[in-house]
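Have a look at the structure below before the remarks.
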Amino acid sequence: MIDTDSGFLQVLDKRLERLGWEHRTLASAVPVETIVAMRLSALVVDLAILGPSGWDYLHRVCSELPGLGVVVCTGQSTVAQRVRGLRLGADDWLSKPCHPEELIARVEAVVRRRRRSDARAERGPVAAGELEIRSDRFQAFVDGRSVDLTRREFELIELLAGSEGRVLEREEIYQRVWGYAMARGDRSVDVFVRKLRQKLEKASSEWRYIHTHFGVGYRFAAEPVEGSVPASRESEAAYAEPADGPAPSTLGLADDELLAAELRALTS
């Protein structure tokens, strides 16, 4: 931390010590090379104590240390100042006076996002059925076409697909995707799973990827839809002799069953 607010730092130091964090407080800016040598996960800086050169310093730190989480924690500021700081590369901005627990939570969030980003950069594509999940592009593709997922929908399928067939409880999904504990009665997970499932079924209709475990949560596995005809055999099916009598229609049956099952799970 680069800060001189003694009262705030005293309270913060006690909390950081209880958490077992390694930390150091500096009263003025240090060369970027010194910060590199410290091998930090995050830097908290009060721009007010750096004077007019604070903006240049913030820009240098963020530019030369792209893997470092940077949180500006300073006095009252204008919207223009906050926007400028974030555009220069800061990950978050917190105005004083603030509670030390909030600053700690924001630092944790910044470091968590950085680690997720680093892990995605190292992770290769995941292929399942007709689906390809690309963490480096925050998207999923079917035959080269984007499924057009939102950021949260992608984080949801990435989490499920990375669980190797394990059933994830709703509470765990919420904690890992939304970042905090799920409130009683919150149905956000179910809503987002349904939206995600609809997009996947539209893009890859012959496969099912997300499976509901009633009263528990969800599991990811690429499984062909029962009775579906693989694309490679469509031409053969076109010349096959028809069965006696018209086949019963099952249009919408799978969707109706899934909807009814989910409603039972929600009310159980």
Cβ under 11 Å from I35's Cβ, I35 left aside: what net charge do those residues give with Lys, Arg +1 and Asp, Glu -1?
+1
In vacuo Debye sum over C-alpha of the stretch 1-156, base-10 log of normalised intensity I(q)/I(0) at q = 0.14 Å⁻¹, listed in q order, is -0.77
With R₀ set to 41 angstrom, the calculated FRET efficiency between the beta-carbons of R194 and E33, to the nearest 0.05, is 0.20
Across 5 Å bins from the origin, how do the percents of Cα pairs in the stretch 140-212 run, short distances first?
3, 15, 28, 25, 17, 8, 3, 1
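Sorted by accessible area with a 1.4 angstrom probe, largest first, how do V167, V79 fall? Show your work: numbers first, answer last.
Details: V167 45, V79 95 Å².
Result of the area sort, largest leading: V79, V167.
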Once you keep just the Cα pairs under 8 angstrom separated by 6 or more residues, what percentage relative contact order results for the stretch 135-186?
23 percent
At 4 °C and 1.567 mPa s, the Stokes-Einstein diffusion coefficient in µm²/s for the stretch 86-196, with hydrodynamic radius from the Kirkwood sum on alpha carbon pairs, is 81 µm²/s
Here, H213 and L9, labelled 7 Å along Cα→Cβ, have an inter-label distance in nm of 5.0 nm
Output the relative contact order of the stretch 96-224, whole-number percent, from Cα pairs under 8 angstrom with separation of 6+ residues.
21 percent
How much FRET efficiency would the formula 1/(1 + (r/R0)^6) give for W55 and K202, where r is the Cβ-Cβ distance and R0 is 41 Å, rounded to 0.05?
0.30
Sort R82, R60 from largest to smallest accessible area, using a 1.4 Å probe on the heavy atoms of the protein chains.
R60, R82
Could you give the nm distance between label points at S146 and E169, where each point is 7 Å from its Cα heading toward the beta carbon?
3.6 nm
Please compute the contact order of the stretch 29-143 in relative form: average sequence separation of alpha-carbon pairs under 8 Å and at least six residues apart, divided by the residue count, as a percent.
19 percent
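The values are calculated or read from the model by the stated rules, or taken from the named source; none is laboratory data. Since the model is a prediction, treat every value here as computed from it, not as a measurement. Note: ideal-geometry Cβ built from the backbone for every residue, glycine included; neighbour counts use all protein chains shown. SASA here: full protein model, heavy atoms, side chains in, ligands and nucleic acids out. Shrake-Rupley method; radii C 1.70, N 1.55, O 1.52, S 1.80 Å.
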